[in-house]
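Inspection log for the structure reproduced underneath, given as structure tokens.
The values are calculated or read from the model by the stated rules, or taken from the named source; none is laboratory data. All values reported here derive from a predicted model rather than from experimental measurement. Quick reminder, even Gly has a Cβ in these numbers, built from the backbone with ideal geometry, and neighbours come from all protein chains shown.
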């Protein structure tokens, strides 16, 4: 694909990842969107000129196939965002082991699979960026949310380890702690009457920060950035 810069977003939905896709498109990137259900991506793909690819981030063969497809379409890969996660909630004594395993597979193991495939290509080309979307649960475990905390803690550890190994090889690894509720009109997550304006994180504002980190000079790369609304309690 010509000499356009390219990007892959894994775990694409209507919030952060969609906003990042639009920001990348505005900067001239050719974008690929990956999700288990790509039917929901039709409008976003049309708006951004992106290609939508079906993949299960927690399955090694599926991830390998995704990257092989991208090799044929793009030739190189400049940016990868891992945005997939899975939540299993409930009292600890009532948690279903299979659901806990799925949470760990999607939230953490999938991040490993995607990052490994991305890193192999980026190390060979001598540059690139691998980003991970974290959450409040990346740094603090909440009651009745142990599986999500386990997965997000693991993803953060992966990002830290990768950064120390790959930064010296020209690969920018960054982890973003999204500490607060993200606005979503589709899910009805907007400020209720009487609430402070901008008490939810705006996906477009989050994407703007992702882009700012992407543009950082390598003499001053960020490993981790925390984002929270101005009224969020620490």
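Numbers at a glance
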quantity: One residue from 100, 106, 96, 114 being buried (at least 20 other Cβ atoms within 10 Å of the Cβ) and out of contact with any strand residue (DSSP E or B) (no Cβ under 9 Å at 6 or more places or on another chain); calculated: 106
quantity: Test: residue in the stretch 215-227 that is within 28 Å of residue 98 (Cα to Cα) and either under 16 Å from the mean Cα position of the chain (by Cα) or assigned to a loop (DSSP other than H, G, I, E, B) (or both); calculated: no
quantity: Residue 153 vs. criteria touching a residue at least 60 places away in the same chain (Cβ under 8 Å), assigned to a helix (DSSP H, G or I), farther than 18 Å from residue 20 by Cα and within 19 Å of the chain's Cα centre (by Cα); calculated: no
quantity: Selection from the stretch 159-214 of residues that are closer than 22 Å to residue 19 by Cβ, part of a helix (DSSP H, G or I) and free of Cβ contacts under 8 Å to residues at least 24 places away in the same chain; calculated: 205, 212
quantity: Single unsatisfied condition, residue 169 versus (1) out of contact with any helix residue (DSSP H, G or I) (no Cβ under 6 Å at 6 or more places or on another chain); (2) loosely packed, with under 14 Cβ neighbours inside 10 Å; calculated: (1)
quantity: Members of the stretch 120-150 found to be under 13 Å from the mean Cα position of the chain (by Cα) and either closer than 20 Å to residue 79 by Cβ or touching a residue at least 60 places away in the same chain (Cβ under 8 Å) (or both), listed by number; calculated: 129, 130, 131, 132, 133, 134
quantity: Wholly enclosed helices (runs of 4 or more DSSP H) of the stretch 1-119 bearing at least 2 residues in contact (Cβ under 8 Å) with a residue 60 or more places away in the chain and within 17 Å of the chain's Cα centre (by Cα); calculated: 16-26
quantity: Check on residue 137, out of contact with any helix residue (DSSP H, G or I) (no Cβ under 8 Å at 6 or more places or on another chain), buried (at least 20 other Cβ atoms within 10 Å of the Cβ) and assigned to a helix (DSSP H, G or I); calculated: no
quantity: Test: residue in the stretch 38-51 that is touching a helix residue (DSSP H, G or I) at 6+ places or on another chain (Cβ under 9 Å), surrounded by fewer than 21 Cβ atoms within 10 Å (Cβ to Cβ) and under 23 Å from residue 112 (Cβ atoms); calculated: yes
quantity: Matching residues in the stretch 120-134 - criterion: being surrounded by fewer than 23 Cβ atoms within 10 Å (Cβ to Cβ) and in a helix (DSSP H, G or I); calculated: 120, 121, 123, 124, 125
quantity: Looking only at the stretch 182-199, and only at residues there that are surrounded by 14 or more Cβ atoms within 10 Å (Cβ to Cβ) and closer than 30 Å to residue 78 by Cβ, the one that is modelled with the highest pLDDT; calculated: 182
